[in-house]
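The next block holds one structure in the form of structure tokens; read it before the comments.
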Amino acid sequence: MAKKILLLAGDGIGSEVMAEAEKLLIFLRDEHAFQVELESGLVGGAAYDEIGSPLPEDTLQKARTADAILLGAVGGPAWERLPFDQRPERGLLGLRSELGLFANLRPAITYTQLADASSLKTELVAGLDLMIVRELTGGIYFGQPRGIRTVGGEREGFNTLVYRESEIERIAHAAFRVADKRSKRVCSVDKANVLECTELWREVVTEVAKHYPGCELIHMYVDNAAMQLVRQPKQFDVIVTTNMFGDILSDIAAMLTGSIGMLPSASLNDQGKGMYEPVHGSAPDIAGLDKANPLATILSVSMMLRYSLDQAELADLVNQSVHSVLAQGLRTADIFTGAGQCVGTKQMGDAVIASLGAENSRQSA
Ligand code: NAD
């Protein structure tokens, strides 16, 4: 049966990078017998302008019935003064909570050809390929009680770090399932020496690991993990951690790779349904100029093929094509360092498809 993918371009460069992803999906459908049905919807500022809501009911309905969702980006200066609940970002948060997307997957991959764009020495990052699995809907960002109160005549701010066993179990399972498709090593990051909540985290992750005898589990305190990420990042394969630790560690890992225009992400629920999106925002400074790097979105398509649509071979093909265009020296402005050819959004998207086509002919020869 055909898989249904909902395309939500959103705002700014969202529509430009989405156009390249859509061309790619159509190519896979027509040339690789990938049975897929593509639908589009409005989200973010674009949806607010047309319907008066950043997450119209029609979009939500389509998202509920889709097998996977691909999102471009939302937001921009035009909507910054709107009331909080009408801002474009509410569209994104609404989709996450409505679909129960609790597992955020952020790969950090340093392409050998781009290793000199990293802030670390080339030999430390070239060939880096790690995956951070961050718990996205619980922990200290959502725990109650929270607030600012006055105690003994002075103000005090307080938040609550809380995880239920079931929340830890499901994110641990998600991480081990990802590791199963990679090199089967999981590092669980906590602060179990200081925080009881993460002492429980450590216990539960250790229990869940027993269901995956082929996978190796180690534990690391978050301060050490931050240090190890910049000291020797290639020691990691899959890192699983809490919402706040994951927020911080995934940004450190992102910097290892050089450009935000290269970073895909996925947010999954417990049925494997996912929303896939580039890590970057709507980049109003370059919107409409054919300057945006579409590779983060194209790599998000690859993640979608692997994690929600059970098409690992097609995902590998897309990844190979991205490697191939980089090896040919093609660069969008954000990753152009002087060597090779600087190209626009459309040319980069076309090159990935051409490379897929070349791979097709090579395989059928
Ligand atoms: P941004 O990621 O949009 O841009 C930061 C910088 O990176 C800019 O200089 C931009 O030109 C560049 N950049 C981003 N993506 C690029 C790409 N694909 N190719 C080349 N260069 C790229 O972050 P920002 O400027 O802080 O935010 C702009 C808007 O996007 C804001 O409204 C913000 O709220 C929103 N935002 C949305 C998301 C999302 O939709 N998931 C994420 C972050 C920010």
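The values are calculated or read from the model by the stated rules, or taken from the named source; none is laboratory data. Model, not experiment: these values are computed from the prediction. All Cβ positions, glycine included, derive from the backbone under ideal geometry; neighbour counts span all protein chains shown. Quick note on the areas: whole protein, heavy atoms, side chains included, nothing else; ligands and nucleic acids left out. Shrake-Rupley method; radii C 1.70, N 1.55, O 1.52, S 1.80 Å.
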Problem set entry | Yes/no for Ser97 being open to solvent by 30 Å² or more (accessible area, probe 1.4 Å) and within 19 Å of the chain's Cα centre (by Cα) | yes
Filter region 288-297 for residues that are open to solvent by less than 20 Å² (accessible area, probe 1.4 Å) and out of contact with any Gly (no Cβ under 6 Å at 6 or more places or on another chain); the one that is nearest to the ligand (Cβ to nearest atom) is Ala292
Selection from region 267-287 of residues over 14 Å from Leu92 (Cβ atoms), within 11 Å of the ligand (Cβ to nearest atom) and of a type outside the set (Gly, Ala, Ser) yields Pro284, Asp285, Ile286
Kindly establish whether Asp129 is modelled with pLDDT under 90, away from the ligand (no atom under 16 Å from the Cβ) and open to solvent by 10 Å² or more (accessible area, probe 1.4 Å).
-> no
Checking Val133, Val194 in turn, the sole residue that is of a type in the set (Val, Ile, Thr) and in contact with a helix residue (DSSP H, G or I) (Cβ under 6 Å, 6 or more places away or on another chain) turns out to be Val133
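Restricting to region 63-86, count the residues that are surrounded by fewer than 14 Cβ atoms within 10 Å (Cβ to Cβ) and either among the hydroxyl-bearing types (Ser, Thr, Tyr) or near the ligand (Cβ under 8 Å from one of its atoms) (or both).
So the count comes out to 3.
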Across region 307-354, the tally of residues that are open to solvent by 50 Å² or more (accessible area, probe 1.4 Å), assigned to a loop (DSSP other than H, G, I, E, B) and of a type outside the set (Ser, Thr, Tyr) stands at 7
Inside region 242-273, the number of residues satisfying the requirement of being assigned to a loop (DSSP other than H, G, I, E, B) and at pLDDT 90 or above is 4
Filtering region 235-247 down to residues that are within 16 Å of the ligand (Cβ to nearest atom) and open to solvent by 10 Å² or more (accessible area, probe 1.4 Å) yields Asp247
Discussion item. Looking at region 148-167, can you tell me whether even one residue there is in the same structural domain as His211 (by TED's automatic domain parsing), over 25 Å from Leu295 (Cβ atoms), among the aromatic types (Phe, Trp, Tyr) and open to solvent by 80 Å² or more (accessible area, probe 1.4 Å)?
Written reply: no
When region 248-267 is checked residue by residue, the ones that are open to solvent by 20 Å² or more (accessible area, probe 1.4 Å) and not charged (D, E, K, R) are Ile248, Ile252, Met255, Gly258, Ile260
The one condition Val301 fails out of (1) farther than 20 Å from Val343 by Cα; (2) within 11 Å of the ligand (Cβ to nearest atom) is (2)
Note to self: Any residue at all in region 178-188 that's more than 30 Å from Ala312 (Cα to Cα), loosely packed, with under 15 Cβ neighbours inside 10 Å and without any contact (Cβ under 8 Å) to a residue 40 or more places away in the chain?
What the structure shows: no
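Can you tell which of Gln363, Gln347 is polar (S, T, N, Q), modelled with pLDDT of 95 or more and out of contact with any Pro (no Cβ under 6 Å at 6 or more places or on another chain)?
Exactly one residue qualifies, and that residue is Gln347.
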